[in-house]
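Scroll down for the structure; my scribbles are underneath it.
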Amino acid sequence: MTDLTVRDGTVERGRPTVLLSSVSSDAHTWNLVFLQLLLEDMGHDVVNLGPCVPDDLLVAACRRHRPDVVVISTVNGHGHIDGPRVVRRLRAEAVPPEVPVLIGGKLTVGRGGAGRVAALLAAGFDGVYEDDDGVAEFCGYLEGLRRPALEGGPG
């Protein structure tokens with residue numbers, strides 16, 4: 001989780017840690033580079049696992065780094081297939097319910113937006129981001145998570 005430092009009797013939070021990954025079937029890299037730079041610019045430390053991440057590696061990385069947020073980015077159109085499997089495994093083995101797990105990008109090669117989003121949320125994701133408004137919504141969600149931490153509250 002976020003590093004804590006005590007100085008002069010006051011607890012100071014470090015930068016929140018985001019674990020960034022693709023799904024195992026996605027070999028795209030530039031989306032991950034873009035997101036890493038965006039997240040770092042927003043004040044997060046980022047652990048970028050890169051493309052084609054096997055489920056076992058993602059689970060192990062979550063256990064090791066204990067991130068404040070997990071972000072899955074995919075642009076190959078298979079997020080609606082790989083996403084539910086991955087999030088169920090993360091929730092069962094490595095990521096507690098209070099840690100948000102988000103997915104975004106090109107989640108399918110077809111249509112069916114509302115049903116696809118509902119299925120991903122039902123599988124265990126806390127946020128699903130796609131289309132033109134996805135990045136703005138994603139950034140807004142992360143800013144909402146940071147506010148309590150910046151104000152000294154939980155988060």
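The values are calculated or read from the model by the stated rules, or taken from the named source; none is laboratory data. The structure displayed is predicted, hence computed values, not measured ones. Every residue, glycine among them, receives a Cβ derived from its backbone with ideal geometry; neighbour counts consider all protein chains shown.
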Every pair of residues 6+ apart whose Cβ atoms lie under 6 Å, when the first sits in the range 113-131 and is of a type in the set (Asp, Glu) while the second is crowded, with 20+ Cβ neighbours inside 10 Å and part of a loop (DSSP other than H, G, I, E, B): Glu130/Leu107
Return yes when Gly77 is surrounded by fewer than 21 Cβ atoms within 10 Å (Cβ to Cβ), at pLDDT below 95 and not β-branched (Val, Ile, Thr) and no when it is not. yes
Scanning the range 94-121 residue by residue, those surrounded by fewer than 18 Cβ atoms within 10 Å (Cβ to Cβ) and within 16 Å of the chain's Cα centre (by Cα) turn out to be Pro96, Pro97, Glu98, Leu121
Any chance you could count how many residues in the range 50-74 are buried (at least 17 other Cβ atoms within 10 Å of the Cβ) and part of a loop (DSSP other than H, G, I, E, B)? 4
Quickly run through the range 134-145 and pick out the residues that are within 23 Å of Gly14 (Cβ to Cβ) and either modelled with pLDDT under 90 or surrounded by fewer than 18 Cβ atoms within 10 Å (Cβ to Cβ) (or both). Cys139, Gly140, Tyr141, Glu143, Gly144, Leu145
When the residues of the range 12-36 are narrowed to those that are β-branched (Val, Ile, Thr) and in contact with a strand residue (DSSP E or B) (Cβ under 9 Å, 6 or more places away or on another chain), which ends up nearest to Pro100 (Cα to Cα)? Val18
Can you tell me which residue in the range 112-133 is modelled with the highest pLDDT, limited to those that are touching a Lys or Arg at 6+ places or on another chain (Cβ under 9 Å) and not in a loop (DSSP other than H, G, I, E, B)? Ala123
Right, Pro148: under 24 Å from Asp41 (Cα atoms) and at pLDDT 90 or above or not? no
Between a first residue in the range 91-111 that is in a loop (DSSP other than H, G, I, E, B) and a second residue that is surrounded by fewer than 22 Cβ atoms within 10 Å (Cβ to Cβ) and aliphatic (A, V, I, L, M), which pairs have beta carbons less than 6 Å apart while being 6 or more apart in sequence or on different chains? Ala94/Val59; Lys106/Val75
